[in-house]
Amino acid sequence: MKIIADSSSTRTEWALVDGTDIVAEASTEGLNPFFQSRREISHCVRLQLPEAFFKRRWDKVYFYGAGCSTEERKDTVKASLVAQFKTPIEVESDLLGAARGMFINSAGLACILGTGSNSCLYDGYGIVQNVKPLGFILGDEGSGSALGKLFLSDCLKNLAPRQLQDEFYAQFNVTPDEIMDSVYVMSLSNKTLSKYSFFLAAHLDNDYVHTLVHDEIMRFFKRNISQYDYVNYPLCFVGAVACTYSDILKEVASEFGASIKKIVPRSMPGLIEFHGKE
């Protein structure tokens with residue numbers, strides 16, 4: 001039996017599996033070594049996972065996570081998990097998890113559009129090409145944090161339609177000053193920006209909103225997908241943003257001349273299938 005974990009900056013999905021059969025499932029907050037220390041990660045795992053996940057030593061724990069892009073950060077997560085599970089740990093990036101979850105053992109272009117964004121060319125087992133995502137300050141085009149940043153900036157500069165601004169401030173019960181504090185003073189600004197971005201989903205019939213979302217997803221294609229052989233490889237997308245704005249995503253892909261094979265909310269079902277073949 002093994003544990004498989006798939007973590008974004010917002011949420012971590014856990015599955016205890018026997019072959020391809022799910023024995024137990026759970027979710028915790030997102031675990032990201034870029035923002036959290038070894039102790040913070042370990043504390044979260046111990047307090048938020050059900051006791052069923054700690055009953056005995058398992059064959060292995062496979063952890064796929066945001067921020068796990070360097071050996072140093074992988075080691076931070078690995079040390080945290082070893083302390084809790086006392087079992088062999090394999091830590092990989094959320095991007096490899098997305099690729100394995102969507103393509104299993106086939107080749108293709110795997111893309112994440114969630115709190116952040118990322119992409120890669122996957123050969124059926126590992127990543128062979130990756131355009132650096134650069135995070136929510138320098139990159140993450142098409143992501144929830146990018147959409148949130150654009151919309152909040154327009155609201156604070158009074159560039160968004162007035163009615164839309166009024167609805168936004170009323171729905172979230174926040175003031176411009178409180179938004180500034182939540183972005184610049186509090187931690188995990190990328191999650192804050194992404195949370196506010198989903199306000200746009202209910203207003204896609206508004207020309208301003210549709211254009212904002214369309215143009216930002218097009219930026220993802222121009223700055224990322226254009227660097228791959230997207231004509232000869234299918235694209236798969238995973239994440240809340242990809243699913244929420246799937247119609248616009250398909251529209252942009254068509255304009256770009258790319259073919260989308262699937263859009264899914266989560267990688268876990270495919271990861272269970274991938275590791276069930278081992």
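The values are calculated or read from the model by the stated rules, or taken from the named source; none is laboratory data. If you're wondering where the values come from, they're calculated on a predicted model, not measured in any experiment. All Cβ positions, even for glycine, are placed from backbone atoms using ideal geometry, and neighbour counts span all protein chains on display. To get the accessible areas, we keep the full protein, side chains included, count just its heavy atoms, and leave off ligands, DNA and RNA. Shrake-Rupley method; radii C 1.70, N 1.55, O 1.52, S 1.80 Å.
This table checks each residue for (1) in contact (Cβ under 8 Å) with a residue 60 or more places away in the chain; (2) of a type in the set (A, V, I, L, M, F, W, C); (3) within 26 Å of Lys195 (Cβ to Cβ).
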| position | (1), (2), (3) |
| --- | --- |
| Ser9 | yes, no, yes |
| Ala24 | no, yes, no |
| Val45 | no, yes, yes |
| Glu90 | no, no, no |
Could you please let me know if Lys74 is basic (Lys, Arg) and surrounded by 14 or more Cβ atoms within 10 Å (Cβ to Cβ)?
yes
Tell me whether the range 134-154 contains one or more residues that are outside any helix (DSSP H, G or I), at pLDDT below 90, open to solvent by less than 30 Å² (accessible area, probe 1.4 Å) and polar (S, T, N, Q).
no
Among (1) of a type outside the set (A, V, I, L, M, F, W, C); (2) open to solvent by 10 Å² or more (accessible area, probe 1.4 Å); (3) modelled with pLDDT under 95, the one test that His275 misses
(2)
Look through the range 114-125, keep the residues that are open to solvent by less than 20 Å² (accessible area, probe 1.4 Å) and modelled with pLDDT of 95 or more, and return whichever of them is nearest to the chain's Cα centre (by Cα).
Ser119
Do any helices (runs of 4 or more DSSP H) entirely within the range 202-261 hold 3 or more residues that are open to solvent by 10 Å² or more (accessible area, probe 1.4 Å), at negative phi and modelled with pLDDT of 95 or more, and if so, which?
207-223, 246-256
Candidates Phe85, Phe63, Phe103, filtered to the one that is touching a Cys at 6+ places or on another chain (Cβ under 9 Å), on the phi < 0 side of the Ramachandran plot and surrounded by 15 or more Cβ atoms within 10 Å (Cβ to Cβ):
Phe103
